[in-house]
Each structure stands twice: as structure tokens, then as C-alpha cells.
């Protein structure tokens with residue numbers, strides 16, 4: 001159950017990161033509210049997951065999921081341009097996250 005909660009918290013990290021950018025410095029209400037909700041859910045999920053998972057592993061997986069999804073969101077919304085090197089590095093990041101789960 002902790003792993004499922006950790007993955008959900010990682011997804012919420014990507015949500016709050018994207019909402020933070022869309023809030024334009026907290027000047028837009030809906031993205032700002034989404035940022036706050038995503039941040040609270042993300043941190044709460046990470047905190048609960050860390051009751052059973054090692055801190056370093058949990059944090060690395062949480063950041064890896066959030067970072068990967070945030071970059072993918074940037075690609076989908078055309079805010080970032082995917083290149084072979086960037087995609088390769090994302091694959092390496094995802095592989096590292098899966099590896100951390102496998103050895104835990």
C-alpha cells in the first residue's frame with residue numbers, strides 16, 4: 001500500500017509543479033488552488049509512505065515520478081522540446097526509479 005501511495009504522491013508532485021507554472025506567480029486563482037491542493041496531497045502521501053519505506057528510497061522515487069511526469073507534461077503542452085538525449089535521460093530516470101523499487 002505504501003508504494004501505491006508513494007506513486008500517487010509523485011503524480012501529485014507533477015500536478016502542483018504544473019499548476020505552479022500556470023499560476024503565473026499566484027496571480028491566477030484556479031491554478032493557485034490546484035497548486036495548494038496538489039502540494040498538500042503530495043506531501044501528505046510522501047509522509048505516510050515514509051512510515052514504511054526508507055526515506056532515501058521514498059524521496060528518490062517521489063522526485064523521479066514527479067520530475068518525469070512534469071517533463072512529459074512540458075512535452076505535451078509544447079513548453080519543452082523533446083530531443084533524443086532528453087528522452088534517453090528520462091528513460092534512465094524511470095529505470096532508476098524502477099530499480100530502486102526492485103531492490104527495496
* Asked: On the given criteria, is residue 87 surrounded by 14 or more Cβ atoms within 10 Å (Cβ to Cβ) and either touching a strand residue (DSSP E or B) at 6+ places or on another chain (Cβ under 7 Å) or under 25 Å from residue 22 (Cα atoms) (or both)?
  -> no
* Asked: Wholly within the stretch 1-83, which helices (runs of 4 or more DSSP H) include no fewer than the required count, namely at least 2 residues that are touching a helix residue (DSSP H, G or I) at 6+ places or on another chain (Cβ under 6 Å), touching a residue at least 12 places away in the same chain (Cβ under 8 Å) and more than 20 Å from residue 98 (Cα to Cα)?
  -> 2-22, 29-49
* Does the stretch 25-35 include one or more residues that are closer than 15 Å to residue 65 by Cα, buried (at least 20 other Cβ atoms within 10 Å of the Cβ) and at pLDDT 95 or above? -> no
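The values are calculated or read from the model by the stated rules, or taken from the named source; none is laboratory data. The structure presented is a predicted model; accordingly, all values stated were derived computationally and were not measured. Virtual Cβ from ideal backbone geometry, glycine too; neighbours counted across all protein chains shown.
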